[in-house]
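Step one of this worksheet: look at the structure below.
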Amino acid sequence: MKIKAKLRLGIGLLFSLIVILVALAVRQVHVIAEDTENILVANYNSLDYSRNMLKELDKIETENQSFDNFDKFLKLQTSNITEIGETELTQNLMEDVKAFEQNPQNKIHTSQIRKDLNDIMKLNMDAIQRKSIVAKNSAESGIFWISITGLTCFIIAFTLLINLPSDIANPIRDLTESIRQIAAKNYSQRVNFETNDEFGNLAKSFNTMAEKLQEYSDSNIDKLMMEKKRIETLINNMRDPAIGLDENDKILFANEEALKISGLKSTDIIGKPANEVALSNDLVRSLLQHLVDGNTEKNQETLKIYADNKESYFEKQVVPIVILPTGEEEKKEIGSFIILRNVTAYKELDFAKTNFIAMVSHEFKTPIASMKMSLQLLENENIGNLNTEQKQLVSSIKDDAKRLLRTTGELLNITQVETGKTQLKTESFDVKDSISEALEATKNLAEQKNISVKVKLDENLPKIIADREKTTWVISNLVSNAIRYSYENSAVEITSEEKNDFLQIKVKDNGMGISPQYKNKIFDKYFRIPGSEKEGTGLGLAISKEFIEVMGGTILVESELGFGSEFSIKLPIQILDISHF
């Protein structure tokens, strides 16, 4: 039976039963009302007429009244004869009343009239009692049939209440669960509805769809396996080590290069949790360090690994795998893979370049020093006087020699940093002394541009343990940069304060500022902001950053184009263990 037919049958049956129940109740109430009305109209009126005639008869006997009222009630009784035998009794009453009217002095007629009235009253009272029993039986019969009909309605309604919703809801629930199974790629799921209704037709269509999906899935397994082997071959033939992880940090694959440098077998790593493998292998532990730190921004770093019978350098790169699931709007990360790019050749070239720069810079220092000495001799009047043009040439050569000496010094500093040979001479000193020395070194430069340097330092600043010379060099470099990039007749501010366990020094200029796209590059070696006409090698900030970090501090910049820049360095107040430097 169709679902629509079931609903129509159930609701129609309930409607019919309600109509029958209402009709039966109305009929039984009507029957009881008729029985009650019959008693009131027929028998009660006869009793009332007889009672009134007795009253009038008493008045006739005692007060000699006329028969007018008596005759009125007698006529009403004559027209209200309803019971068997009441006609004869009423006729006898009329004859006795007529005889009494003819001979009022005969008391026998009065007694006979009273007897006739009592007989009429008794007849009606017996009728009332008999009709009351009939009315009671009618009421009991009505209650019985109404109860039977109501109970039948309740049983049918309760049966429909229990069965009809389940007949509709259960197939929907089963179908919903089957759809979930199909969505989870369980194409063997089937729906079994042994009915010929709409759900049965829906089940047949659903099972047909599931069979076709299963057939389609089975037909693509070979293709998927072939694609899987193709991808595995591609990964294994990569010259760079590669390791893949799923969303739960379980290792999915590791190519042959990754297995070779880690010294592991595929059975030792593939399919196992990354943290479990990291416990037994130092290389894997260093590769998966980003999972422990949770630092997703710093996903690229250089590692030194012994490979190809020598120390090799690899650049680690972590690439997250993000997809947009079908039918969804938010992207979902389903894993990541790690690639190690062999940069040993570049590192070797970089070392060669560094050594070359160090050698050339060292060789330059001697002739430059000789040039400075020669210039000092030329400026000595004891040797001879110089004319104006010669003095200008000597001054120009002297400036060039200073610039060359500063450049070679910066090159030597950067080579020391790159080779890890930076030597620190730590001591306890007051940062105010370093700031004073830096101001003295940049005094002439500030006077040339008419720039005032304002110093605002907190009182009772704590002493720091650091390399005084390098700290002074960094502050001097920041102040000279601030002066160079500030407008003439402006000001440079230097402030210092204690923050937690650090001493913070800020140098703020009033120049053009730095564009946002260059803020992350200004600490790179040899980088200069495009379009800048200021002199320099692009090494000052890179060296400053390396010096500050070696001493356990940090250097930052805040700048907005058109509103100047503010460089800040933080140096720890407590003593640091820097012996490994």
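Data overview
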read-out	value
Share of carbon and sulfur in the accessible heavy-atom surface of the stretch 119-188 [1.4 Å probe, %]	68
Extended-chain gain in nm, criterion 0.36 nm per residue less alpha-carbon gap, Asn207 and Asn103	26.4 nm
Rotationally averaged projected area of the stretch 106-146 (alpha carbon convex hull; nm²)	2.3
Ranked order, Arg239, Arg285, Arg27 - accessible area, probe 1.4 Å, largest first	Arg239, Arg27, Arg285
Net lengthening on full extension, Leu303/Leu445 (0.36 nm per residue, minus Cα-Cα)	46.8 nm
Net charge dipole size for the stretch 426-581 [Lys, Arg +1 and Asp, Glu -1 on Cβ; Debye, nearest 20]	440
Relative contact order (percent, whole number), the stretch 100-217, Cα cutoff 8 Å, 6+ residue spacing	14
Using a Förster distance of 56 Å, the FRET efficiency for Asn281-Lys425 (Cβ separation, nearest 0.05)	0.90
Cross-link partners of Lys398 among lysines (Cα-Cα below 20 Å; sequence separation of 8 or more within a chain)	Lys365, Lys372, Lys443, Lys534
For q = 0.16, 0.17, 0.18, 0.23 Å⁻¹, Debye-computed log10 I/I(0) when each Cα of the stretch 60-164 counts as one equal scatterer	-0.80, -0.86, -0.91, -1.19
Eligible lysines near Lys59 by straight Cα distance, threshold 27 Å, same-chain separation 8 or greater	Lys72, Lys75, Lys98, Lys107, Lys115, Lys122
Pairs beyond 28 Å (Cα-Cα), from Lys250/Lys347; Lys432/Lys521; Lys304/Lys463; Lys456/Lys570	Lys250/Lys347; Lys432/Lys521; Lys304/Lys463
At most 16 other Cβ within 10 Å, DSSP loop - chymotrypsin sites (Phe, Trp or Tyr not before Pro), the stretch 50-93	Phe67
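The values are calculated or read from the model by the stated rules, or taken from the named source; none is laboratory data. Nothing here was measured: the structure is a model prediction, and the numbers come from that model. Glycine also receives a Cβ, built like all others from the backbone with ideal geometry; neighbour counts cover every protein chain displayed. Remember, those area values only see protein heavy atoms, side chains included, never the ligands or the DNA or RNA. Shrake-Rupley method; radii C 1.70, N 1.55, O 1.52, S 1.80 Å.
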